[in-house]
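Please read the structure below before turning to the comments.
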Amino acid sequence: MDTSQQPSLAPSPAPATAPEPASAPAPVPWGRVGSLVGGQAAVQFGSFALLIAMNWTAVELGGTGAVTLLMLAATVPRALMLIFGGAVADTLGPRFVLLRTTSARVVLLATGAVVTSTTQQLWPLVVIALIEGVLLGLAGPASGVLLPMFARGDQLARANSLYAMVLRVAPILGAPAGAFLITVGELWLAMVIGAVTGAIWFGCLLHVTHGFVRPRREPGVSLVKRSGDGFRLLARHPRLRWMFIAALSLDMAFSWPAEVALPLLVSQRGWGVGAVGVVLAAFSVGALGSSAVGAAFAHRIPMFVRLVVTGAGLAAGILVMALMPSVVSLTAVAAGVGLLSGLNGPAIVTLYQQSAPEARMGAAMSTLSLAGIGTAPLSIAVFSSLSLAFGVQTTWLLCGAIAFVSPLAAVMALRQPVKAEEEETEETERTERTEETKETEEAKEAASEESEPVERPVPAAV
């Protein structure tokens, strides 16, 4: 994710982020970045609180089947809409998409608060989760487009680390808040909190995207056709393809151990359910700490270290966690894995953003998001089945082995030239040359018509 790029004229904010010569890159508008990160902190806090409250309510209403239905209603539409979300963001611009999806979500949750305060049934929760999944799927790629508009090169790495730090804090604070809201109140109260934090995010978006203009529409290119741009980018650009593999393999290897295997392993060894919370908390604290370090010093840490070295350490840490004989040792290794994850995750996002053509940034971010959101259920299904045959510890070790694909793919990505931006620039230059040629020809034709001599009648001889 590693070379400096110039802002795209179509979706970029107005004068504050106008492109400057390569020798003097535009300064980062940290005020807008701060609004973006602060707004995300608020909305993510509300989202995690609402998630816990809705899941707990579903358990009370219908047990495991109700929770499964609710999770499917939230995740499947979101994963599917990510494919179209990238095309929508590239076609209509991030401001158009984010303001409308965010305001619609605020209205949805406010309406949900009224409905859930008057009824104790499962169907309103399923409908709300379904619609919210669609809105979040459309908004996800548009959100991923914003930071590359404001920060370039090494500064983008710092901005992504700051953004990742917020995402780490949100579940730490939001999950207990959701449990507290259910304990002292009702689900409608969590809905209200979600609507209020969504409104805060909407206000921040008005500032962050102020001055953005709609991209120039490409004639003859439908939205359905552009929905495949993300996969076409992977096919054409080796660097993006290898980075996608790096992200996919790491998410695939980590989802099952964190969400399924850890409670099973703790239960088998008789450590008590409190050990699960301690291990996850240690991981979160480690990731939060390294994200803070990255926000301040990522531009001074070589990309190879942030991407490849940490990726190898993550894979080794996943392996070692399965072999730890005590809660203390497992907690220590989990903290180390979190520490490496806090640097590796933002590095993957940064290199992916820097390698993608700016006019197709939404499509690129949609495929990267799909690697994370779409992988979790697949990882849980595949490795849960394998654990029935080989046991929890052996399957966990297999996950660690698969995680080593990530640093290998990252090495391959760093060896590839950044052709995506070059091809985008060449395409833009070809378009401009074609338009200039067309204008020149039209000017010549107009000039020739004006200078063409007028035929006058010759007087007849007397």
**Prompt:** Of the numbered conditions (1) more than 19 Å from the chain's Cα centre (by Cα); (2) surrounded by 18 or more Cβ atoms within 10 Å (Cβ to Cβ), Asp251 satisfies every one except a single condition; which is it?
**Reply:** (1)
**Message:** Need the failing condition index for Ala322 against (1) open to solvent by 10 Å² or more (accessible area, probe 1.4 Å); (2) touching a Ser or Thr at 6+ places or on another chain (Cβ under 9 Å); (3) over 25 Å from Gly153 (Cα atoms), just the number.
**Reply:** (1)
**Fill in**
Considering region 297-311, residues that are part of a helix (DSSP H, G or I) and either open to solvent by 40 Å² or more (accessible area, probe 1.4 Å) or touching a Leu at 6+ places or on another chain (Cβ under 6 Å) (or both), and then whichever is nearest to Ser341 (Cα to Cα), we arrive at Thr310
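Here is a check on your reading of the model: is Asp154 in a helix (DSSP H, G or I), among the acidic types (Asp, Glu) and open to solvent by 50 Å² or more (accessible area, probe 1.4 Å)?
Numbers: in a helix (DSSP H, G or I): yes; among the acidic types (Asp, Glu): yes; open to solvent by 50 Å² or more (accessible area, probe 1.4 Å): yes.
Yes: the conditions hold for Asp154.
Tell me, yes or no, whether region 23-45 has at least one residue that is closer than 26 Å to Cys204 by Cβ, aromatic (Phe, Trp, Tyr), in a helix (DSSP H, G or I) and modelled with pLDDT under 85. Can you show your working first?
Of the residues in region 23-45, the ones closer than 26 Å to Cys204 by Cβ are 25-45.
The next check asks that each one be aromatic (Phe, Trp, Tyr); those that pass are 30, 45.
This time we only want the ones that are in a helix (DSSP H, G or I), so: 30, 45.
Filter once more, so that each one left must be modelled with pLDDT under 85: 30.
There is at least one residue in region 23-45 that is closer than 26 Å to Cys204 by Cβ, aromatic (Phe, Trp, Tyr), in a helix (DSSP H, G or I) and modelled with pLDDT under 85.
From the list Ile193, Ile182, Ile131, Ile172, which residue is within 30 Å of Ala298 (Cα to Cα) and β-branched (Val, Ile, Thr)? Break it down stepwise before answering.
Numbers: Ile193 fails: within 30 Å of Ala298 (Cα to Cα); Ile182 fails: within 30 Å of Ala298 (Cα to Cα); Ile131 fails: within 30 Å of Ala298 (Cα to Cα).
Among Ile193, Ile182, Ile131, Ile172, only Ile172 is within 30 Å of Ala298 (Cα to Cα) and β-branched (Val, Ile, Thr).
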**Message:** Against the conditions (1) modelled with pLDDT of 85 or more; (2) open to solvent by 20 Å² or more (accessible area, probe 1.4 Å), where does Ala159 fall short? Just the number, please.
**Reply:** (2)
**Prompt:** Any idea how many residues of region 254-276 are among the aliphatic types (A, V, I, L, M), open to solvent by 20 Å² or more (accessible area, probe 1.4 Å) and under 30 Å from Val309 (Cα atoms)?
**Reply:** 4
**Request:** Quick one: which residue in Leu233, Leu280 is among the hydrophobic types (A, V, I, L, M, F, W, C), modelled with pLDDT of 85 or more and assigned to a helix (DSSP H, G or I)?
**Result:** Leu233
**Message:** What's the number of the only condition in (1) within 28 Å of Val208 (Cβ to Cβ); (2) surrounded by fewer than 16 Cβ atoms within 10 Å (Cβ to Cβ); (3) of a type in the set (A, V, I, L, M); (4) at pLDDT 85 or above that Leu80 fails to meet?
**Reply:** (4)
**Request:** Would you please list the contacts, defined by Cβ atoms under 7 Å and residues six or more apart or on different chains, that run from a residue in region 105-132 that is surrounded by fewer than 17 Cβ atoms within 10 Å (Cβ to Cβ) to a residue that is outside any helix (DSSP H, G or I) and modelled with pLDDT under 95?
**Result:** Ser117/Glu186
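Would you confirm whether any residue within region 66-75 is in a helix (DSSP H, G or I), of a type in the set (A, V, I, L, M, F, W, C), open to solvent by 20 Å² or more (accessible area, probe 1.4 Å) and more than 17 Å from Gly133 (Cβ to Cβ)? Walk me through it before giving the result.
In the first step, residues of region 66-75 are kept if they are in a helix (DSSP H, G or I); the result is 66-75.
Narrowing the set further to residues that are of a type in the set (A, V, I, L, M, F, W, C) leaves 66-67, 69-74.
Adding the requirement that they be open to solvent by 20 Å² or more (accessible area, probe 1.4 Å) leaves 67, 69, 71-72, 74.
Subsequent filtering for residues that are more than 17 Å from Gly133 (Cβ to Cβ) retains none.
No, that holds for no residue.
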**Item:** Among (1) surrounded by fewer than 21 Cβ atoms within 10 Å (Cβ to Cβ); (2) modelled with pLDDT of 90 or more - the single one Arg239 does not satisfy
**Value:** (1)
**Prompt:** List the pairs whose first member sits in region 136-149 and is open to solvent by less than 20 Å² (accessible area, probe 1.4 Å), whose second member is outside any helix (DSSP H, G or I) and at pLDDT 90 or above, and whose Cβ atoms are under 8 Å apart, counting only residues at least 6 apart or on separate chains?
**Reply:** Leu146/Thr209
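Test Ala179 against the criterion of being surrounded by fewer than 18 Cβ atoms within 10 Å (Cβ to Cβ) and assigned to a helix (DSSP H, G or I), and give yes or no.
Details: surrounded by fewer than 18 Cβ atoms within 10 Å (Cβ to Cβ): yes; assigned to a helix (DSSP H, G or I): yes.
For Ala179, the condition - surrounded by fewer than 18 Cβ atoms within 10 Å (Cβ to Cβ) and assigned to a helix (DSSP H, G or I) - is met.
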**Request:** Check region 401-413 and report whether any residue there is under 30 Å from Val88 (Cβ atoms) and at pLDDT below 85.
**Result:** no
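The values are calculated or read from the model by the stated rules, or taken from the named source; none is laboratory data. For clarity, every value in this text was computed on a predicted model and none was experimentally measured. Cβ sites come from the backbone with ideal geometry, for glycine too, and all protein chains shown count toward neighbours. Ligands, DNA and RNA are excluded from the accessible area calculation, which covers all protein heavy atoms including side chains. Shrake-Rupley method; radii C 1.70, N 1.55, O 1.52, S 1.80 Å.
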